[in-house]
1. Of (1) out of contact with any Cys (no Cβ under 8 Å at 6 or more places or on another chain); (2) surrounded by 24 or more Cβ atoms within 10 Å (Cβ to Cβ); (3) assigned to a helix (DSSP H, G or I), K321 satisfies all except one. Which?
2. Please state which of the following conditions A83 fails to meet, knowing it meets all the rest: (1) at pLDDT 95 or above; (2) open to solvent by 20 Å² or more (accessible area, probe 1.4 Å); (3) within 11 Å of the ligand (Cβ to nearest atom).
3. So I93 clears everything in (1) within 16 Å of the ligand (Cβ to nearest atom); (2) under 19 Å from Q334 (Cβ atoms) except one condition, right? Which one?
4. Taking segment 350-374 as the region of interest, how many residues are farther than 14 Å from L312 by Cβ, open to solvent by 20 Å² or more (accessible area, probe 1.4 Å) and away from the ligand (no atom under 16 Å from the Cβ)?
5. Please find, among H178, H168, the residue that is out of contact with any helix residue (DSSP H, G or I) (no Cβ under 6 Å at 6 or more places or on another chain), farther than 30 Å from I240 by Cα and within 12 Å of the ligand (Cβ to nearest atom).
6. Of these, A285, A255, which one is within 16 Å of the ligand (Cβ to nearest atom), out of contact with any Lys or Arg (no Cβ under 6 Å at 6 or more places or on another chain) and in contact (Cβ under 8 Å) with a residue 60 or more places away in the chain?
7. In segment 128-160, which residues are out of contact with any strand residue (DSSP E or B) (no Cβ under 7 Å at 6 or more places or on another chain), touching a residue at least 60 places away in the same chain (Cβ under 8 Å) and within 14 Å of the ligand (Cβ to nearest atom)?
Amino acid sequence: MTAFITGTGKTKFGVLSESLSQLLQKAVDECLENAGRTINDVDAVYLANFLGGPQESQLHLNALFSSIYGFEKPALRVEAACASGAVALNQGIAALQKFDRVLVVGVEKLSGTDSKTASSSIAMAGGRILDQQNGIIFPAAYALLAQQHFLRYGSSIDDLTLISLKNHANANLNPKAHFYSKNVTREMIEQSPLVSTPLRLFDCSPISDGAAAVLLEKDAGRARARVSASQLRTDTISLIERNDLTSFKAVRQAAAAAYAEAGITPADVDLAEVHDCFTIAELVAYEDLGFASAGEGKQLVRSHATELNGALPVNTDGGLKADGHPIGATGVAQAVELTLQLSREAGKRQVDGAKTGLCHNVGGIGGTAAIQVLEAVE
Ligand code: COA
């Protein structure tokens, strides 16, 4: 595969005043400027978005893109729930077979409605009959995962608290993070409201707005990172259709294929961006990605290995938990963070000497899994 990332752009994530169009434009303008390109240099656009319809009454976003930029070449909206961003990346990378330069942008505007409406919209990523009509909205689904994981493997709420603390600490070093200026303590986490047993407020990703963009090029000339693997797998839409509630099969399959494609093993990964929509999802990701064996993810947490100065830093930007989760933008933002890290532009949260990064973006309750491996370029 020949795919290089030559430019990145990202808005601040959070509850923002800007519209969906304004967020999109901000991330794209920053990305093109960063790459030293203009929109005329772009051959095709893959635009990730999940809830433009229910939240903003705006779909047909490829045409919206054309209205903003006067773009008349191929443009496509990509939707795969919370994995929309990484699936757009996967499709954009594949499109380099045909095009020289492909822009991938993810955008979401989730604030502006009340939490109940936003939760109902997000629940559309689960099965309508088996999940939504039985009350399995997202915090409840991931709470089931946590309960099963605790029971089977002896992991605990303390492990999840450490993950939340880590990701909030990382976000304090990231001015674009949703919770950049929120200093979070163990007491705050432990005393926060229960959302769905055992998950509390600080185990959940927030409702965020934001956009992120990367420019992909076939030519290495302006490369800031190289994509060495991009894999996509799918599974059933509902948890109820699964045999195992402590692991995501689609992630394990995508990871195995990505390691084979990149010619590496999990031990070669220097840092990772993982899909911590709820803290338990980060713990499960450690195991599904092969950073730890089944049930042993808790040892990575307890040994502080995934903290910024640990052997395998995870979610250096704060992750979905604290950088935020503007759904369509999330998978693209993960690639932005890895590119910044691999090109040594990550400022106060820079990981020294990182050469190989992995990003992992999950749709729904593991129904879609997209994994990219990025390498530093000399
Ligand atoms: N973590 C930490 N603090 C949070 C937070 C979170 N996830 N979500 C909201 N807050 C804070 C707000 O900043 C606000 O703080 P302030 O009073 O100091 O300003 C306070 O909590 C209340 O915010 P509000 O927006 O009213 O929260 P809420 O109770 O309506 O919503 C959740 C909280 C957890 C229910 C909501 O964030 C949620 O549904 N998250 C999950 C989203 C999701 O499912 N995404 C898809 C995953 S696959």
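1. Status for K321: all satisfied but (1).
2. (2)
3. (1) is the only condition that I93 fails.
4. Total satisfying the criteria: 1.
5. Going through H178, H168 in turn, the sole match is H178.
6. A285
7. Result: D131, I136, F138, A141, L144, L145, L160.
Matching residues to (1) surrounded by fewer than 19 Cβ atoms within 10 Å (Cβ to Cβ); (2) at pLDDT below 95; (3) not in a helix (DSSP H, G or I):
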position	(1), (2), (3)
L23	no, no, no
K73	yes, no, yes
L89	no, no, no
V105	no, no, yes
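The values are calculated or read from the model by the stated rules, or taken from the named source; none is laboratory data. Bear in mind the structure is a predicted one, so any value in this text is a computation, not a measurement. Because the Cβ atoms are built from the backbone with ideal geometry, glycine has one as well, and the counts that use them run over all protein chains shown. Just so you know, the surface numbers come from the protein's heavy atoms only, side chains and all, with ligands and any DNA or RNA stripped out. Shrake-Rupley method; radii C 1.70, N 1.55, O 1.52, S 1.80 Å.
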